[in-house]
Amino acid sequence: MAHPKSKISKTRRDKRRTHYKATEPALTTCPNCGAARLMHRVCPECGHYRGQLAIEKSAKA
């Protein structure tokens with residue numbers, strides 16, 4: 001089984017990992033209710049997508 005010839009230092013390891021970043025989600029505002037939502041998704045607050053009602057939202061009990 002393969003194994004490393006010498007130990008990789010923490011600095012060298014961290015320098016290699018500098019480009020491994022999490023990207024922020026692309027948020028936009030819903031034109032119907034103004035809530036934040038992911039792009040190209042149905043609004044979780046009002047259920048609208050591209051000006052049409054996609055999901056019927058029931059009143060919370």
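Some notes on this structure:
- Residues satisfying the stated conditions in the stretch 1-25, i.e. among the charged types (D, E, K, R) and either surrounded by 10 or more Cβ atoms within 10 Å (Cβ to Cβ) or in a helix (DSSP H, G or I) (or both): LYS10, ARG12, ARG13, ASP14, LYS15, ARG16, ARG17
- Residue in the stretch 31-49 that is over 18 Å from the mean Cα position of the chain (by Cα), surrounded by 12 or more Cβ atoms within 10 Å (Cβ to Cβ), of a type outside the set (A, V, I, L, M, F, W, C) and on the phi > 0 side of the Ramachandran plot present: yes
- Complete set of residues in the stretch 31-52 that are in a strand (DSSP E or B) and either in contact with a Leu (Cβ under 9 Å, 6 or more places away or on another chain) or among the polar types (S, T, N, Q) (or both): ALA36, ARG37, LEU38, GLN52
- The one condition in (1) part of a loop (DSSP other than H, G, I, E, B); (2) under 19 Å from the mean Cα position of the chain (by Cα) that THR28 fails to fulfil: (1)
- Test: residue in the stretch 53-61 that is assigned to a loop (DSSP other than H, G, I, E, B), surrounded by 10 or more Cβ atoms within 10 Å (Cβ to Cβ) and touching a strand residue (DSSP E or B) at 6+ places or on another chain (Cβ under 6 Å): no
Bear in mind that the values in this text are calculations on the coordinates, not laboratory data. Keep in mind that this is a model prediction, so the values were computed, not measured. FYI the Cβ positions are ideal-geometry reconstructions off the backbone, even for glycines, and counts take in every protein chain you see.
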